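Taking it in order: structure first as structure tokens, then the write-up.
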Amino acid sequence: MEVKVIAGHKLTPGKTLKDHIHVEGTELHVPHVLLCGQHRGPTVLISAGIHNAEYVGIQAAIELSNELDVGDLHGNVIILPLANRSGFENRTMSMVYEDGKNLNRVFPGNWEGSEADRLAAMLFEVFIQNVDAYIDLHSGDGYETLIPYAYYLGDTPAEEQARKMIDCINTKYYVRSRCRTGGAYNLASVHGIPSVLIERGQLSLFSRDEIEADKADVKNILRCLGVLPGKPISYSKTQLFEYSDDAPCTGCWYPEKQPGDYFIQGEKLGEIRDYFGNVLYTEYAPQNGILLHQCASLNIIEKGPMVTYGVPTDDNI
Ligand SMILES: [Zn+2]
């Protein structure tokens with residue numbers, strides 16, 4: 001049997017390996033844990049910290065890397081607990097510290113580019129393209145509030161398997177995404193790797209309940225993939241299409257709704273004022289929807305995130 005090699009390490013049954021991988025042409029090093037199951041089975045990648053200020057997933061991944069027992073695993077679990085380590089150590093709001101780029105907008109990356117481009121290229125070539133399934137853990141950014149939900153990419157070869165993974169996630173909503181570029185799970189999906197992204201947590205906070213919920217979702221998906229023993233639990237939820245409105249100008253932001261709130265077309269979602277209190281812009285709901293996440297800081301930045309909402313695909317709210 002051919003031995004699988006990931007990041008230069010042979011996957012030896014029953015062994016756990018913890019290491020950093022250097023990103024060529026940069027000073028970046030990415031921590032990774034290879035959990036090589038005692039029994040044969042698929043190889044699953046779990047990443048967190050692609051956005052480094054999204055702490056729930058990072059802590060869940062660290063805990064999973066210590067809790068999953070290779071003796072129980074049918075297959076391999078590869079964990080990247082902190083993909084954007086330099087952003088974390090310099091406390092950026094989820095940008096790569098060296099070049100200010102959003103790592104989850106530059107996949108598949110570029111070996112001729114700057115740090116984020118090279119990091120994305122390494123993550124894809126070394127990890128993502130060598131696995132059979134992928135789970136990416138995110139939260140609202142340090143300035144964002146959010147309700148938990150999940151994504152998968154529609155119209156891909158692995159859509160059916162990704163849908164089964166989505167069923168294992170304990171959230172009320174999921175988004176059938178149409179975005180095929182830029183993101184890690186999007187790229188993996190286009191390459192036929194069933195992939196999901198879980199959003200849970202907000203404002204750079206992390207609670208025990210949220211961490212446990214992330215871990216429970218990952219373990220439930222691992223059951224569904226046959227990597228962990230036991231029958232997965234299926235959670236029914238509402239499918240949404242996602243829409244985002246970015247801020248048209250910089251200023252002070254005053255949201256009117258909370259994530260999870262329903263709204264109807266034409267309802268006021270918030271306004272941007274200048275530093276004298278004059279209204280610069282009012283955001284009205286372009287259609288009926290459910291607020292998924294939004295900017296929650298007083299400052300808002302032109303062309304930066306403002307509101308992201310979902311619309312049920314059957315338009316029945
Ligand atoms: Zn994120």
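We did not get these values from a lab; they are worked out from the coordinates using the rules stated. Worth saying up front: this structure is predicted, and the values here are computed from it rather than measured. Cβ sites come from the backbone with ideal geometry, for glycine too, and all protein chains shown count toward neighbours.
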Practice prompt. May I ask you to derive the FRET efficiency for HIS191 and GLU63 from their Cβ-Cβ distance with R0 = 25 Å, giving the value to the nearest 0.05?
Written response: 0.30
Worksheet item: Once phi is turned into ³J(HN,Hα) by the Karplus curve 6.51 cos²θ - 1.76 cosθ + 1.60 with θ = phi - 60°, what whole-Hz value does each residue of the stretch 242-253 show in order, with x for glycine and proline?
Response: 10, 9, 10, 10, 7, 5, x, 7, 8, x, 9, 10
Discussion item. With θ taken as phi - 60° and the coefficients 6.51, -1.76 and 1.60, list the Karplus ³J(HN,Hα) couplings across the stretch 285-294 in order, rounded to whole Hz; mark glycine and proline as x.
Written reply: 4, x, 7, 5, x, 10, 6, 9, 8, 7
Discussion item. Expected output is a single nm value to one decimal: the length gained when fully extending between SER114 and SER234, i.e. 0.36 nm times separation in residues minus the C-alpha distance. What is it?
Written reply: 39.0 nm
Discussion item. Using the Karplus curve 6.51 cos²θ - 1.76 cosθ + 1.60 with θ = phi - 60°, what ³J(HN,Hα) values do you get for each residue of the stretch 307-314, in whole Hz, with x for Gly and Pro?
Written reply: 9, 10, 9, x, 10, x, 5, 9
Practice prompt. Treating the angle as unsigned and between 0 and 90°, give the value, to the nearest 10°, between the Cα long axis of helix 55-67 and the longest Cα principal axis of the chain.
Written response: 20
Item to complete: Grab the beta carbon distance between CYS249 and LYS10, set R0 = 51 Å, and tell me the FRET efficiency rounded to 0.05.
Response: 0.40
Response to the item:
Long-range amide H partners of LEU45, meaning residues 5 or more apart or on another chain whose placed amide H is closer than 5 Å, are ILE78, ASP132, ALA133, TYR134, ILE135
Worksheet item: Which FRET efficiency value, to the nearest 0.05, is calculated for LYS268 and THR181 with the Förster distance at 45 angstrom and r the Cβ-Cβ distance?
Response: 0.90
Fill in: Full-extension gain in nm, ARG223 to MET93, via 0.36 nm per residue minus C-alpha separation
43.4 nm
Fill in: Distance from the stretch 168-203 to the stretch 1-49 (C-alpha centre basis), Å
22
Worksheet item: What ranking, highest mean first, results for peptides 276-283, 303-310 when packing means the other Cβ atoms within 10 Å averaged over each residue?
Response: 303-310, 276-283
Worksheet item: So how do 134-145, 253-264, 31-42 stack up, highest first, on mean other-Cβ count within 10 Å?
Response: 134-145, 31-42, 253-264
Item to complete: With a cut-off of 17 Å, note down the residues of the stretch 187-209 whose backbone N falls inside the zone around a label point 7 Å from the Cα of GLN129 toward its beta carbon.
Response: 187-194
Discussion item. Give me the one-decimal nm value for the distance between modelled label points at PHE241 and VAL279, 7 Å along each residue's Cα-to-Cβ direction.
Written reply: 2.9
